[in-house]
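Below is one structure, written out as C-alpha cells; comments come after it.
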Amino acid sequence: MSDKQSVSVIGLGSMGGALARAFLDAGHPTTVWNRTAAKADDLVAAGATRAATAGDAIWASDLVILCVLDYEAANALLEPNADMVKDRVIVNLTNGRPEQARRTGAWVTARGGAYLDGGIMAVPSMIGKPGAFVLYSGSGTAYERYEAALAAMAAPVYVGEDAGLAALNDLALLSAMYGAIAGARHATAMVGPERAPEFTTSLLIPWLRAMAAVLEPSEDEESPLDMQAVGLVNIAQGSRAEGVDDALLTHLLTPMRDIIAAGEGAVLTELVKEIR
Ligand code: FVH
C-alpha cells in the first residue's frame, strides 16, 4: 500500500504518457485511460491500473489529471461524466485560452467538483526533472491540498483563483518562446547551414542566455531606440544580402516607429523608407 495520493491520468499522448509515468515513478497509485487503449499498455506493465472508460478513471481517484489535444476533446470527456465529477479535483493541463479554462472551470464547479487549470511549461522529456514547471490557476484550496502530489510532474507554480490565469500566462510564455525560436532560426539561416551547428553551440545559445538578463525591469536606457532602429535596418539588409527573408525583422520597425515618432521619428522614418 502506498501512502501517496491516488491519481487518474486521462489522455496518454506524448505529454499525458510522461505525466502518468512521473506519478508512477513517484509512487502514486495511478489509474490511466486513453481513447486509443494501446497507449496505456506500457504504463499498465509498469504498475498503472487501466480504466475501462474515462468515467471510470474520474471515479477511481480524487485527483484527476486531464491532458488531451484541445478543450473540445477535454469537454467531450467530462460532459458525459457529469455525475462523476462531484468531490473530484479536475486538473486540466490541456492547452487552451483563458475563456475556455473559465468555462470548463465553471462547469466542473457547478457539478460539485473543484477545478485547477494548468499550463505545462516543458516538453515531455523534461517531465519529472528539474527545470520543468506547471502553472496552475483556479481553486486555491484544491491547489494547497494537492501541491505535493502535483510536484511529481514538475515544479508547481500557482498564479491565482481566476481559472483563466494559467492559460493566459502559458500563452504569453509560449509567445515569447515562438518569437525567440523564430529569431534563432532566422539567425542560423543568415550564417548558412554549414556554419549553423557550430554557430548555435558556441555563439547563439550563450548569447540568448546572456541577453535574457536585459528583460529584467530597469530604469536605465542603455540602448536608445534610435540606435536600435539603425541596427534593425542593418540586420534586415544583411539578411537580404544572404538571401534570407527579412519580414521577421521589418515588422518590428513599425511599432518602433510608432513609439519614437514624437522625438526621434525623423531619423527612423528615413530608415523605414530605406528598408521598405
Ligand atoms: N508535447 C508537448 O511538447 C507539449 C508541451 C506543453 C503542453 N502540451 C499540451 O499537452 C496537451 C497534450 O499534448 P500531447 O503532446 O500529449 O499531444 P498528443 O501526443 O498529440 O496526444 C493527444 C492526446 O489527446 C487525445 N485526444 C485527442 N482528441 C481526443 C478526443 N476527441 N477524445 C479523447 N481523446 C482525444 C489523444 O488520444 P488518442 O489519439 O491517443 O486516442 C492523445 O491522448 C495538448 O493540449 C498540448 O498543447 C504538450
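The accessible area of Arg103, taken with all protein chains in place and a 1.4 Å probe, comes to roughly 150 Å². Size descriptors for the chain, from the alpha-carbon set: Rg then Dmax equal 23.6, 74 Å. Between Leu173 and Val191, the contour length at 0.36 nm per residue exceeds the alpha carbon distance by 3.7 nm. Highest average first, the peptides 140-148, 158-166 ordered by how many other beta carbon atoms sit within 10 Å of their residues are 158-166, 140-148.
Expressed as an acute angle from 0 to 90° and rounded to the nearest 10, what is the orientation of the C-alpha long axis of helix 165-191 relative to the principal long axis of the chain? Here the helix axis deviates by roughly 40 degrees.
Most tightly packed first, judged by the mean number of other beta-carbon atoms within 10 Å of their residues, the peptides 60-71, 15-26 read 15-26, 60-71.
Along each principal axis, taking the top coordinate minus the bottom one, the Cα set of the stretch 197-253 gives 38, 30, 15 Å in descending order. Note that the chain presents 54 Å² accessible area per residue, ligands and nucleic acids not counted, probe 1.4 Å. A Gaussian network model of the chain, with springs between Cα atoms under 10 Å, assigns the largest mean-square fluctuation among Thr201, Thr188, Thr30 to Thr201. The angle between the Cα long axis of helix 225-241 and the longest principal axis of the Cα atoms of the chain comes to about 90 degrees, rounded to the nearest 10. Residue by residue, the stretch 142-147 carries 3J(HN,Hα) couplings of 5, 4, 4, 5, 10, 3 Hz when phi is fed to the Karplus relation 6.51 cos²θ - 1.76 cosθ + 1.60 (θ = phi - 60°); x denotes Gly or Pro. The slack between Leu203 and Asp56, meaning 0.36 nm per residue of separation minus the straight C-alpha distance, is 47.7 nm. Under 5 Å from the amide H of Arg35 lie the amide H atoms of Gly11, Leu12, each residue being 5 or more positions distant or on a separate chain, with H modelled from the backbone and absent for Pro and chain starts. Within the stretch 7-162, all pairs of alpha-carbon atoms sorted by distance into 5 Å bins from zero give the percentages 2, 11, 21, 25, 23, 14, 4, 0.
Compute the helix-to-body angle for 247-275: its Cα long axis versus the longest principal axis of the chain, expressed 0 to 90° and rounded to tens. Around 60 degrees separate the two axes.
Helical runs assigned H by DSSP (4 residues or longer) give the chain a calculated mean residue ellipticity at 222 nm of -16000 deg cm²/dmol, each run adding -39500 (n - 2.57) before division by the residue total. Per the Debye formula on identical point scatterers at the alpha carbon atoms of the stretch 123-199, with no solvent, log10 I(q)/I(0) at q = 0.16, 0.19, 0.20, 0.21 Å⁻¹ is -0.72, -0.86, -0.91, -0.95. What is the Cα centroid distance between the stretch 80-124 and the stretch 173-232, reported in whole angstrom? Using only Cα atoms, the two centres lie 36 Å from each other. Cross-link partners of Lys129 among aspartates and glutamates, defined as those whose alpha carbon lies under 17 angstrom from its own and excluding same-chain residues fewer than eight positions apart: Asp25, Glu147.
The values are calculated or read from the model by the stated rules, or taken from the named source; none is laboratory data. Every value quoted in this text rests on a predicted model; they were computed, and no experiment measured them. We place every Cβ from the backbone using ideal geometry, glycine too, and count neighbours over all the protein chains shown. Accessible surface areas use protein heavy atoms only, side chains included; no ligands, DNA or RNA. Shrake-Rupley method; radii C 1.70, N 1.55, O 1.52, S 1.80 Å.
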